[in-house]
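What follows is a single structure, written as structure tokens, with notes after it.
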Amino acid sequence: MAKRRISKKEQERIKQIIELLDEYYEGHEETFLDHENPLQLLVATILSAQCTDERVNQVTKKLFQRYKTAQDYASADIKELERYIYSTGFYRNKAKNIIGAANMLVAEFDGQVPSDIESLIKLPGVGRKTANVIRGNIYKIPSIVVDTHVKRISNRLGFTKSSDPEKIEFELMELIPEDYWIEYNHKIIAHGRNICTARGPKCSKCFMSHLCPYYKKSLK
Ligand code: SF4
């Protein structure tokens with residue numbers, strides 16, 4: 001694929017956006033999902049599909065006491081696991097995926113969570129988003145996570161015109177400096193929760209409205 005040409009002006013705009021995100025969201029450098037090891041983050045991320053991080057954190061408090069290793073999940077009684085994760089929604093599918101992923105971890109990865117994307121996306125219930133959460137947060141490998149906030153705000157900021165998460169991921173990789181890929185996600189999530197909400201973004205309170213094409217268009 002041909003590399004996108006980025007004008008000096010656009011590079012400067014991106015630099016200013018990053019500086020402002022850093023200034024306003026200092027301290028937002030971690031995922032909101034509580035975890036103490038790679039397996040816990042993997043399970044929490046699977047549970048976070050169509051569910052708030054707050055709810056996932058409530059559920060995992062008890063779940064992580066009951067199941068500690070990949071083998072624990074692999075040999076779990078599915079009905080019992082479903083009861084633990086019921087309130088995160090889509091619990092049948094999530095339970096099936098957690099058990100499936102755990103079985104694969106035991107069979108192919110010695111019970112450990114791998115770090116390479118090809119292995120991660122082979123696990124049931126794990127797509128590029130979850131794989132990149134693991135890579136960035138656990139292994140500190142530069143990765144861009146395209147979740148609902150990143151998708152929406154990257155479009156509003158004019159970084160992409162796509163709705164396809166994989167396409168957005170690759171477009172952002174061209175625009176955002178590699179050493180900012182992990183943080184971009186955390187800071188954009190903070191912005192999406194506080195100001196650039198899905199409905200009725202608070203553009204008049206936004207510190208980067210002067211750099212935002214969505215806002216400029218709304219003034220016309
Ligand atoms: S100006 Fe509005 S649309 Fe643009 S980033 Fe800020 S809140 Fe979002």
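The values are calculated or read from the model by the stated rules, or taken from the named source; none is laboratory data. Remember, predicted model here, so these are calculated numbers, not experimental data. Neighbour counts run over all protein chains shown; Cβ positions are idealised from the backbone, glycine included. The accessibility values were calculated without ligands, DNA or RNA, using every heavy atom of the protein model including side chains. Shrake-Rupley method; radii C 1.70, N 1.55, O 1.52, S 1.80 Å.
Tabulated data for the structure shown
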{"read-out": "Largest-first ordering by accessible area, 1.4 Å probe, given options H210, H149", "value": "H210, H149"}
{"read-out": "Solvent-accessible area, 1.4 Å probe, carbon plus sulfur percent, for the stretch 1-80", "value": "48"}
{"read-out": "Pairs beyond 30 Å (Cα-Cα), from K140/K217; K151/K216; K61/K167", "value": "K140/K217; K61/K167"}
{"read-out": "Förster-model FRET efficiency, 30 Å R0, M173 and K220, C-beta, rounded to 0.05", "value": "0.45"}
{"read-out": "Near-label residues of the stretch 51-84 by backbone N, under 15 Å of a point 7 Å along Cα→Cβ of F109", "value": "69-74"}
{"read-out": "Spin-label pair Q58/D116, simplified geometry with 7 Å Cα→Cβ offset, distance in nm", "value": "4.1"}
{"read-out": "D34 accessible area, 1.4 Å probe, all protein chains in place, Å² to nearest 10", "value": "80"}
{"read-out": "The stretch 51-156: chymotrypsin sites (Phe, Trp or Tyr not before Pro) in DSSP coil with no more than 16 other Cβ atoms inside 10 Å", "value": "F90, F109, Y139"}
{"read-out": "Point-to-point label distance, S75-K96, nm (Cα→Cβ direction, 7 Å offset)", "value": "2.5"}
{"read-out": "Estimated FRET transfer efficiency when R0 is 35 angstrom, pair Q11-R193 (beta carbons, to 0.05)", "value": "0.80"}
{"read-out": "Alpha-carbon centroids, the stretch 81-105 and the stretch 30-74: separation in whole Å", "value": "11"}
{"read-out": "The stretch 162-220: chymotrypsin sites (Phe, Trp or Tyr not before Pro) falling in loop per DSSP and having at most 16 other Cβ within 10 Å", "value": "F207"}
{"read-out": "Accessible area (Å², 1.4 Å probe, nearest 10) - K202", "value": "80"}
{"read-out": "Stretch gain in nm, segment I141-N37, where the contour uses 0.36 nm per residue and the Cα spacing is subtracted", "value": "35.9 nm"}
{"read-out": "Furthest towards positive pole of dipole, L81, A131, A107, structure part the stretch 38-137, Cβ charges", "value": "L81"}
{"read-out": "Shape of the stretch 38-137, Cα gyration tensor, a/c cut at 1.5", "value": "oblate"}
{"read-out": "MRE, 222 nm, helices only [DSSP H, n ≥ 4, -39500 (n - 2.57), over the chain, to nearest 500]", "value": "-17500 deg cm²/dmol"}
{"read-out": "Probe 1.4 Å, accessible area per residue of the chain, Å²", "value": "55"}
{"read-out": "Scattering curve values for the stretch 46-200, log₁₀ I(q)/I(0), Debye with Cα scatterers, q = 0.08, 0.16, 0.19 Å⁻¹", "value": "-0.25, -0.96, -1.22"}
